[in-house]
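The values are calculated or read from the model by the stated rules, or taken from the named source; none is laboratory data. Owing to the predicted nature of the structure, the values given are computational and were not obtained by experimental measurement. Cβ: placed from backbone, ideal geometry, glycine included. Neighbour counts: every protein chain shown. Accessible surface areas use protein heavy atoms only, side chains included; no ligands, DNA or RNA. Shrake-Rupley method; radii C 1.70, N 1.55, O 1.52, S 1.80 Å.
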Amino acid sequence: MGNQVEKLTHLNYKEVPTADPTGMDRDEGPRIGVSYIFSNDDDELEQQQDSVHDLGGEHPALQPYDPQLHEVECSVYYRDECIYQKSGGHLSTYTPENLLNRCKPGDLVEFVCQAQYPHWVVYVGDFQVVHLHRLEVVNSFLTDASQGRRGRIANQLYRYKPLSPATVVRNALEQVGCKDRDLSWRNSECFAAWCRYGKREFKIGGELRIGKQPYRLQIRLGDKRSHTLEFQSLEDLIMEKRRNDQIGRAAVIQELSSHLQAAEEEEEEEEEEDHHPGARTGRLDAPGHEHVTGSALQ
């Protein structure tokens, strides 16, 4: 579900920093050439849970969950700068009750569960969080927002310089009640990250999708192997990263293995073409298809 409208934007702006000293992003104007589409990934999470309860089944959060087994280790680069990294040292999770003893106002919390999109919240104090939930920014108790899932403090995942805790809390609380077409974020992660870092790249259409893809998502396949995807915006990259988290590590590796095998076969065909010119016909991508490049690194 979602709405798609064309918005206009300024044609030039400073990439860093993307927030003024007060922590408020002043870019409230329309944007150009970007589809304004609300992601339903957090809605799908809720629907999955509701269906389990309706069927009288076991709550997904009660099923065994091993972050080392299910989560995808990855890094995100903007040109040559690493701006996000999830590795083994960031995968520990805690119960919601335990998190209450660890959280401080302004902290970001990521709730995780097998076969579900991660859900991000901003801790604002007094056992409460602000988060994007079913296309609305709401204020909830942390234990209620967790819905039984384990979580982790996610402050160290993104490597941007954070705003002050007071500013992070203010950014979150000022958005409570914002919903539907007034939203500027596709999912809970983009909203929470914007509150903490104030960067317009986390907003819908915060970057112009033109030219070379400056963002790279490097997915770790093993000790010495990785696969890299390129994107024109951080927003698009986050959507793919969240999809990988939802389908799980095994499914991601299987997808990439099939892709790499197909790429190797295509390379063999190209080598054969080099030896037999004119034997191969040209192939064009389907109209409207956005080409995303990938490479295997040894």
Note to self: Suppose we keep only residues that are on the phi > 0 side of the Ramachandran plot and out of contact with any Lys or Arg (no Cβ under 6 Å at 6 or more places or on another chain) within the stretch 193-220. Which one would you say is least open to solvent (accessible area, probe 1.4 Å)?
What the structure shows: G198
Note to self: Tell me yes or no: at least one residue of the stretch 239-259 is modelled with pLDDT of 95 or more, more than 22 Å from L91 (Cα to Cα), in contact with a Ser or Thr (Cβ under 9 Å, 6 or more places away or on another chain) and not aliphatic (A, V, I, L, M).
What the structure shows: no
Note to self: I'd like to verify a number: residues in the stretch 64-91 that are within 20 Å of R243 (Cα to Cα) and either outside any strand (DSSP E or B) or modelled with pLDDT under 50 (or both), how many?
What the structure shows: 13
Checklist line | Filter result for the condition that a residue is among the acidic types (D, E) and more than 15 Å from the chain's Cα centre (by Cα), over E174, E201 | finding: E174
Next item on the list: Could you tell me whether V169 is assigned to a helix (DSSP H, G or I) and closer than 24 Å to L234 by Cβ?
Entry: yes
Notebook entry, point to check: Which residue pairs have Cβ atoms closer than 7 Å, lie 6 or more positions apart in sequence or on different chains, and pair a first residue in the stretch 219-239 that is under 16 Å from Q85 (Cβ atoms) with a second residue that is at pLDDT below 95 and among the basic types (K, R)?
Noted result: S226/R220
Note to self: Given the condition in a helix (DSSP H, G or I), of a type in the set (A, V, I, L, M) and modelled with pLDDT of 95 or more, answer yes or no: does some residue in the stretch 204-219 qualify?
What the structure shows: no
Next item on the list: Select from the stretch 140-154 the residues that are farther than 13 Å from S92 by Cα, in contact with a Leu (Cβ under 9 Å, 6 or more places away or on another chain) and either of a type in the set (G, A, S) or part of a loop (DSSP other than H, G, I, E, B) (or both) and list them in ascending order.
Entry: S146, Q147, G148
Notebook entry, point to check: Here are some residues: R181, R159, R134, R102. Which one is in contact (Cβ under 8 Å) with a residue 12 or more places away in the chain, surrounded by fewer than 18 Cβ atoms within 10 Å (Cβ to Cβ) and at positive phi?
Noted result: R134
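Which residues, counting only those in the stretch 105-123, are open to solvent by 40 Å² or more (accessible area, probe 1.4 Å) and modelled with pLDDT of 95 or more?
Selection gives P105 alone.
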Check: With (1) in a loop (DSSP other than H, G, I, E, B); (2) modelled with pLDDT of 95 or more as the list, and F191 as the residue in question, which single condition is left unmet?
Finding: (1)
